[in-house]
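The values are calculated or read from the model by the stated rules, or taken from the named source; none is laboratory data. As the structure is a prediction and not an experimental result, all values here were calculated from the model. Methodologically, a virtual Cβ is constructed for each residue, glycine included, from the backbone with ideal geometry; neighbour enumeration extends over all protein chains shown. Note: accessible area is taken over every heavy atom of the protein model, side chains too, but ligands, DNA and RNA are not part of it. Shrake-Rupley method; radii C 1.70, N 1.55, O 1.52, S 1.80 Å.
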Amino acid sequence: MQIIISNSSKEPIYEQITNQIKSSILTGELQEGSPIPSMRKLAKDLQISVITTKRAYEELEKAGFIYSIVGKGSFVAEQNLEVIKEKKLKVVEEQLNEVIMNSREIGLSLDELQQLLKILYEE
Amino acid sequence: MFNLIRRDVILQKKQLLLFVPFTLFFVLLGKQNPAFIFLLASLFVPINTFAYDEKVEVNILLNSLPYKRSEIIASRYLGAIVYMLLATGVTCGLFYALSRPFTITDIAISSGLFLLFTALFFPVSYVIKKGYVFPVAMISFLALSIIGPKIVFHFADDLKVITDFVTSLSTPIFYIGLTLSILIIYVVSWMITTFIYQRKGF
Amino acid sequence: MDNVVELNNVTKQFKDFSVKDLNLQVKRGFVHGFIGANGAGKSTTIKMMMNLLKPDAGEVKVFDLDYKKYEKTIKERIGFVYDGNVFYEGLNLKDIKRIVAPAYKHWDNALFSHYTSQFELPMNKSIKNFSKGMQMKASLAVALSHHAELIIMDEPTAGLDPIFRRELLGLLQELMIDGNRTIFFSTHITTDLDRIADYIAFIHKGKLIFDKSVHDVAENYAIVKGRTDLLDQDTEQAFFHIHRAATGFEGLTDDVRNAERTFGGEVVIERASLEDIMYYVKGGLQHV
């Protein structure tokens, strides 16, 4: 499991961890039921405090991405990937709607917008 | 607690190497009273221990290890007796080897004086300021051994009642009484030192 | 949750200095940093935790036990590292081991050898010829070799070079993989704590300013910068201390949300580092 932490980022470190683990799960890099390192091991590897990884794991557990068994460690929870993808899709739709609204305000055509999106997506 | 007593040997390895030639010198010299030589030999380890133990760091170390304060003090008092016995034994050996004369009375006098001296000095050593323990020990020892007898002789007349009483006692009772009083002083001193040490901060 | 160390209303009075009404909880399984300027009361507090000093009032409990009855039990389970060398200076490590090892029931010779070789410590050289860093490593090796649950360290990083400081912090993190272990250490070098501390207690002039998790500190304390004309008697209340300059003011707040409400978008709000907090608090407390 690869996690890259930025100490100068505005995003708190525990959020950086939760986001990266979440995306590893969503992209299928981390499989259902596979173990993830204990929070203490992860803290040591990332050279950060235990309380930070603890918080990250708690948030992941609350959101249903992982589960922990006392004495055994933490594992990737069974994901209803379809549901999660659908949720994400909805968010994307909402965000795109905003983009469209903003584009209309400044008179950006659909073609121009598509081109812009293409450039950004492939970047 | 035995560890604490053994600690002195580890600490004083180098000084202990000096012990035999030091004692040998006095035995060979043969000028001093054997009792005095026994006393010097007995004081050898404890005086060095005093010098070590006045250091704050040493007390911080000992008190951070799993020892009770009462144990630390007990190790001092028991250790002093153990080292006195060992030193007396070795010195006896040296006397024998060189076939110099000495009597049991010499040993009794030196042991008695040693116990009395440590009993007086231990509590004081935990009260006086650090850095002064060793000089105070030396000076008071010298003073005691030089002035002490003179004072006794000086007051001998005034204390006639007591001396008469003492001399009227039979020898065994006299010795038993003396031994008992020294032991009582030693134990009381032990209790006082423990009391002082319990209240110290480091 | 279970506290490894608990100080309840602890007070210790000296001639010219005192620690007053200290309440501190050290939680099991975490690294607890203890910060404060030199002379703020860090060593005094640590000495009370070790029963080297007895408080005038209040209660000290370690592993939920009382020193009066359980001094030995408690100290069996503590590893200590002090600012200065406390071992007999003239001795080498072999002899120090001979003196210290028999004191502990759970002394582990193999572990001690492991650490002394990891730290590259000579066994036959007397401690007084060790550098400051080596003395500290020697203390640490002793502290770690009897399976202590609680490691108490007073300024372990003072006088160490940055590389060894980093190594030390890495080593401490390795120790923390064992969830039963707790580390409490004082420092005035706050960057030591940025990496590994879970909780931070801050003492100033003998009084505890706070004892919080690093997240609480990060989320509540902030530096606010703005134009001087934003300040008046009311708005100043939000700050510990304010620096004014011709170009504007900078202040430390312990309630970011309140500051956001008060000033809105008219100020710049930045995360306060521990150093910032120490610096501003030293400048004087305005409210509290």
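List of remarks:
Listed here are the residues, each with its yes/no results for (1) closer than 27 Å to C:Leu7 by Cα; (2) assigned to a loop (DSSP other than H, G, I, E, B); (3) more than 18 Å from the chain's Cα centre (by Cα).
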site	(1), (2), (3)
C:Met123	no, yes, yes
C:Gln135	no, no, yes
C:Val142	yes, no, yes
C:Ile151	yes, no, no
C:Thr157	yes, yes, no
C:Arg166	no, no, no
C:Gly170	no, no, no
C:Phe184	yes, no, no
C:Ile189	yes, yes, no
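- Screening A:Leu60 on (1) within 11 Å of chain C (Cβ to nearest Cβ); (2) open to solvent by less than 20 Å² (accessible area, probe 1.4 Å) shows it passes everything except condition (1).
- Condition check for B:Lys31 on (1) in a loop (DSSP other than H, G, I, E, B); (2) within 12 Å of chain C (Cβ to nearest Cβ): one failure, at (2).
- Among strands (runs of 3 or more DSSP E) entirely within the stretch C:1-40, having at least 3 residues that are under 20 Å from C:Asn51 (Cα atoms) and among the charged types (D, E, K, R) singles out C:18-27.
- For the stretch C:221-235, the condition holds for at least one residue, the condition being that it is surrounded by 15 or more Cβ atoms within 10 Å (Cβ to Cβ) and under 30 Å from C:Leu7 (Cα atoms).
- Residue satisfying all of: in the stretch A:82-118; closer than 29 Å to A:Ile36 by Cβ and of a type in the set (A, V, I, L, M); surrounded by the most Cβ atoms within 10 Å (Cβ to Cβ) among these: A:Ile84
- In the stretch B:98-145, residue surrounded by the most Cβ atoms within 10 Å (Cβ to Cβ) [restricted to those that are of a type in the set (Val, Ile, Thr), outside any loop (DSSP other than H, G, I, E, B) and modelled with pLDDT under 75]: B:Val133
- Verdict on A:Ile17 being open to solvent by less than 30 Å² (accessible area, probe 1.4 Å), within 14 Å of chain C (Cβ to nearest Cβ) and assigned to a loop (DSSP other than H, G, I, E, B): no
- The selection criterion, being open to solvent by 20 Å² or more (accessible area, probe 1.4 Å) and at positive phi, holds for C:Gly39.
- Checking A:Ser34 against (1) touching a strand residue (DSSP E or B) at 6+ places or on another chain (Cβ under 8 Å); (2) under 16 Å from C:Phe30 (Cα atoms); (3) of a type in the set (S, T, N, Q), the condition it does not meet: (2)
- Among the residues of the stretch C:54-90, those that are outside any loop (DSSP other than H, G, I, E, B), more than 11 Å from chain B (Cβ to nearest Cβ) and either crowded, with 17+ Cβ neighbours inside 10 Å or of a type in the set (D, E, K, R) (or both) comprise C:Gly58, C:Glu59, C:Val60, C:Lys61, C:Val62, C:Asp66.
- Filter result for the condition that a residue is closer than 16 Å to C:Met153 by Cα and at pLDDT below 95, over C:Val86, C:Val5, C:Val19: C:Val86
- The C-beta contact set for the stretch B:49-70 (first residue among the small types (Gly, Ala, Ser), second residue surrounded by 17 or more Cβ atoms within 10 Å (Cβ to Cβ), distance under 6 angstrom, 6+ apart or interchain) comprises B:Ser64/C:Met50; B:Ser64/C:Phe80; B:Ser70/B:Thr194.
- Contact annotation: residue pairs with Cβ atoms under 9 Å, 6 or more positions apart or on different chains, pairing a residue in the stretch B:156-180 that is within 17 Å of B:Ser111 (Cβ to Cβ) and at pLDDT 70 or above with a partner that is part of a helix (DSSP H, G or I) and of a type in the set (Ser, Thr, Tyr), are B:Phe174/B:Thr167.
- Scan of the stretch A:63-81 for residues that are open to solvent by 60 Å² or more (accessible area, probe 1.4 Å) and either aromatic (Phe, Trp, Tyr) or over 16 Å from the mean Cα position of the chain (by Cα) (or both), ordered by number: A:Tyr67, A:Ile69, A:Val70, A:Gly71, A:Lys72, A:Glu78
- Which listed residue is out of contact with any strand residue (DSSP E or B) (no Cβ under 6 Å at 6 or more places or on another chain), surrounded by 22 or more Cβ atoms within 10 Å (Cβ to Cβ) and either away from chain C (no Cβ under 14 Å) or not in a helix (DSSP H, G or I) (or both), from B:Tyr83, B:Tyr67: B:Tyr83
- Residues in the stretch C:194-220 that are in contact with a Leu (Cβ under 7 Å, 6 or more places away or on another chain), more than 10 Å from chain A (Cβ to nearest Cβ) and either open to solvent by 10 Å² or more (accessible area, probe 1.4 Å) or of a type in the set (Asp, Glu) (or both): C:Leu208, C:Asp211.
- Cβ separations smaller than 8 Å between residues 6+ apart or across chains give the following pairs from the stretch C:4-18 residues that are open to solvent by 70 Å² or more (accessible area, probe 1.4 Å) to residues that are part of a strand (DSSP E or B): C:Asn9/C:Asp21; C:Asn9/C:Leu22; C:Asn9/C:Asn23; C:Asn9/C:Ala57; C:Asn9/C:Gly58; C:Asn9/C:Glu59.
- Total residues in the stretch C:106-121, condition at negative phi, part of a loop (DSSP other than H, G, I, E, B) and without any contact (Cβ under 8 Å) to a residue 40 or more places away in the chain: 4
- Checked across the stretch A:18-40, the condition of being free of Cβ contacts under 8 Å to residues at least 24 places away in the same chain and under 22 Å from C:Leu175 (Cα atoms) holds for at least one residue.
- Unique match (being surrounded by fewer than 18 Cβ atoms within 10 Å (Cβ to Cβ) and either within 13 Å of another protein chain (Cβ to nearest Cβ) or touching a residue at least 60 places away in the same chain (Cβ under 8 Å) (or both)) among C:Thr191, C:Thr182: C:Thr191
- Residue that is nearest to the other protein chains (Cβ to nearest Cβ), among those in the stretch B:36-57 that are open to solvent by less than 30 Å² (accessible area, probe 1.4 Å) and β-branched (Val, Ile, Thr): B:Thr49
- Residue pairs whose Cβ atoms lie under 8 Å apart, sitting 6 or more positions apart in sequence or on different chains, and linking a residue in the stretch B:183-197 that is on the phi > 0 side of the Ramachandran plot to a partner that is not in a helix (DSSP H, G or I), do not occur here.
- Check on C:Phe130, open to solvent by less than 20 Å² (accessible area, probe 1.4 Å), at pLDDT 95 or above, in the same structural domain as C:Arg77 (by TED's automatic domain parsing) and within 25 Å of C:Pro162 (Cα to Cα): no
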